[in-house]
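The values are calculated or read from the model by the stated rules, or taken from the named source; none is laboratory data. Note that this is a predicted model, so its numbers are computed, not measured. Neighbour counts are summed over all protein chains in view; Cβ atoms, including those assigned to glycine, are modelled from backbone coordinates with ideal geometry. Keep in mind that these areas ignore ligands, DNA and RNA; they rest on the heavy atoms of the full protein, side chains included. Shrake-Rupley method; radii C 1.70, N 1.55, O 1.52, S 1.80 Å.
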Amino acid sequence: MEWGLGHASRCIPILNYLLNNCQADLVVAASGPQAALIRAVFPTLSIVDIPAYSINYHKNRAGTITRLAFSLPHLAQQIRAENRWLLEFARNHPLDAIISDNRYGLWHPKIPSFLITHQLGIKTPFGKSVDALVRKQLYRYIEKFNACWVPDFKEMGQSLAGDLSHPKHFPGIPVEYIGPLTRITSADKNAIIPDLANLSLPAFQSTITKTFFQFSSGKSQEGRGTAIQLLVVLSGPEPQRSIFEELILKQWAQAPGQSLLLVRGLPAEKTVTKLNTEQLIPIPNAMAVNHLSPAALSQAIANADCILTRSGYSSIMDLLPHHSNCCMVPTPGQTEQEYLAHYLAVKGLIQTQQQHRFSLSSILLPPSPGG
């Protein structure tokens, strides 16, 4: 689904396992940025285009909620369409098994089909009665599969998704908790970031505008690698991705810190492009890249003092096991992210802010004594 890159990124460990442990002959069905992300990590893998859901977001929370509510009939049509697509594809391409990440039409009546989702409990902005109705319809889709794989811990006390992955009522098929899925691996702090090692400053500046965006890396105490005061990892649908990016850069330009690395979440873009700010304000001590490989992103996470990102579930699975200082800002109107941010903040695992009250300076402040 097109809620962001997370549904593709969390498939990376599954694809790695199937390739390395099962010697599987894989075909990936994806489109747009999701396909670009998979192609960047697995350049030799066969990728086929699949019809997109085309979810449209609004510039504000109320508008997004309204659009999502009115899009439900369209989503039902798209689910039926993708099922027809799969049936036709399977007639021409023999398949032994199907693994679907949150695409509810990718099941087959004669081929073992498995759904990956952490969204068994539903959180809408319209109350428990609507939640129950939406969950009932959702379970009708889920029960077409042979089993449901939940990327979370089975024990509620360890859960990263809370009520979303541990509902009171379960669908009528086997539900298996497979643990969090992440593309991130452990890395030594302040080592070189692979993707940036050969990227010289003049080459980077000429890609955009020299007077517009400047970079000054902080050095570790050992004099090697790059220490990052703030790592920003963006993702999610437009226009909210660009709105949040512009908000962050404007506040950084007004009160720059020591070093900012912005990963824009645009794997389909081949080069760094001019950022979407309304005014060409010089932004010191900052670098932006459209995308980082899993190894480079793992190293950037290890090097960062603080990380700012959305509260998408894949970002949560990537970051919480590897970093203790994260601030997550939910996409306005995406109630799942709003719930997750609140849930994890109450548990003391993250900081969180609402986008309309976002303050970058409060994130960059050193922690108070005693946490």
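Of the residues that make up region 105-120, is at least one open to solvent by less than 50 Å² (accessible area, probe 1.4 Å), among the small types (Gly, Ala, Ser) and farther than 20 Å from Ile47 by Cα?
No: zero hits.
A quick yes/no check of all residues on (1) closer than 20 Å to Gly157 by Cβ; (2) open to solvent by 50 Å² or more (accessible area, probe 1.4 Å); (3) at pLDDT 95 or above:
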position	(1), (2), (3)
Ile316	yes, no, yes
Gln334	no, no, no
Leu349	yes, yes, yes
Gln354	no, yes, yes
Phe358	no, no, yes
Ser361	no, yes, no
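Tell me, please, whether a residue that is open to solvent by 50 Å² or more (accessible area, probe 1.4 Å), at pLDDT 95 or above, touching a Pro at 6+ places or on another chain (Cβ under 7 Å) and in a loop (DSSP other than H, G, I, E, B) can be found in region 137-152.
So far as region 137-152 goes, yes, one or more of its residues are open to solvent by 50 Å² or more (accessible area, probe 1.4 Å), at pLDDT 95 or above, touching a Pro at 6+ places or on another chain (Cβ under 7 Å) and in a loop (DSSP other than H, G, I, E, B).
Residue by residue through region 96-126, note down the ones that are among the polar types (S, T, N, Q) and assigned to a loop (DSSP other than H, G, I, E, B).
Within region 96-126, Asn102, Thr117, Gln119, Thr124 qualify.
Please work out which residue is farthest from Ser235 (Cα to Cα), limiting yourself to region 9-52 and to residues that are surrounded by fewer than 19 Cβ atoms within 10 Å (Cβ to Cβ) and among the small types (Gly, Ala, Ser).
Only one residue fits best here, namely Ala24.
Among the numbered criteria (1) modelled with pLDDT of 95 or more; (2) part of a helix (DSSP H, G or I); (3) open to solvent by 50 Å² or more (accessible area, probe 1.4 Å), which single criterion is violated by Ser129?
(1)
Condition check: outside any strand (DSSP E or B), modelled with pLDDT of 55 or more and surrounded by fewer than 17 Cβ atoms within 10 Å (Cβ to Cβ). Does Gly172 satisfy that?
Numbers: outside any strand (DSSP E or B): yes; modelled with pLDDT of 55 or more: yes; surrounded by fewer than 17 Cβ atoms within 10 Å (Cβ to Cβ): yes.
Yes.
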